[in-house]
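Let me begin by presenting the structure, written as structure tokens, before commenting on it.
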Amino acid sequence: MNQKVLFKKDCTLKSIASEITNIEVTPEYKIEEDVIDGSFNVNGTYKITPSSINDEVFMYKLPFQIALSDDIKKESIDLSITDLNYIMKNETLHLEIEINLDYDKKEDSKMPIGIIEDEYNKEDEKPIQEIKEVDELTDEEYSKYKIYVVKKEDTLESISIKYNVSISTIEEYNKNLTLNENEKLILPLEIDE
């Protein structure tokens, strides 16, 4: 079974931003008895003005919780990010993260999962100074995604080589790919071991 869940959050940057120059989203999660508890580590850079030489850095840890029904085989759950959209307005970064949940149902089951629960409170809104790395990886999916903004001179081959992602993977994650300038691409990245 497959189900899409949309996560929306507003993050406040240190200053007004003219453009996001880089953004990466990494999900961390663990599957409990009846919920998936996790967070998105969102980090990247932005320019205060179009002519800025230096990029400003931002880092956020956005918690989430997804309620699970009893008829899902917990060991079969695979969570991945399928889309990321963002809009800048002054110093506010409006994020929309689409999650794909792939899972198997127990025999004789009917309905899958509940709606994503927002466990976010105002104290979590401030930027974090450091994102902790996971010491142990389990059988759960742990992926990192880069949102790449296409430049005029880019080709599929050049992007593939630069980020060590196969052309077929780029095409798989980016339906209706045109490679127009300023088009946003989702690039799944390998976690360095």
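The values are calculated or read from the model by the stated rules, or taken from the named source; none is laboratory data. Computed from a predicted model, the values in this text were never measured in an experiment. Neighbour counts are summed over all protein chains in view; Cβ atoms, including those assigned to glycine, are modelled from backbone coordinates with ideal geometry.
Consider the stretch 60-105 and keep the residues that are within 30 Å of residue 49 (Cβ to Cβ) and among the basic types (Lys, Arg). The one that is surrounded by the fewest Cβ atoms within 10 Å (Cβ to Cβ) is 89. Among the conditions (1) without any contact (Cβ under 8 Å) to a residue 12 or more places away in the chain; (2) more than 27 Å from residue 176 (Cβ to Cβ); (3) not charged (D, E, K, R), residue 65 misses just one, which is (1). Scanning the stretch 9-31 turns up no residue that is more than 19 Å from residue 185 (Cβ to Cβ), without any contact (Cβ under 8 Å) to a residue 12 or more places away in the chain and surrounded by fewer than 17 Cβ atoms within 10 Å (Cβ to Cβ). Scanning the stretch 5-12 for residues that are farther than 26 Å from residue 172 by Cα, outside any strand (DSSP E or B) and not assigned by TED's automatic domain parsing to the domain that holds residue 170 turns up nothing. Scan the stretch 80-133 for residues that are among the hydroxyl-bearing types (Ser, Thr, Tyr), within 27 Å of residue 21 (Cβ to Cβ) and modelled with pLDDT under 85 and the total you get is 1. When the test is whether a residue is modelled with pLDDT of 90 or more, part of a strand (DSSP E or B), more than 15 Å from the chain's Cα centre (by Cα) and not assigned by TED's automatic domain parsing to the domain that holds residue 163, residue 57 passes it.
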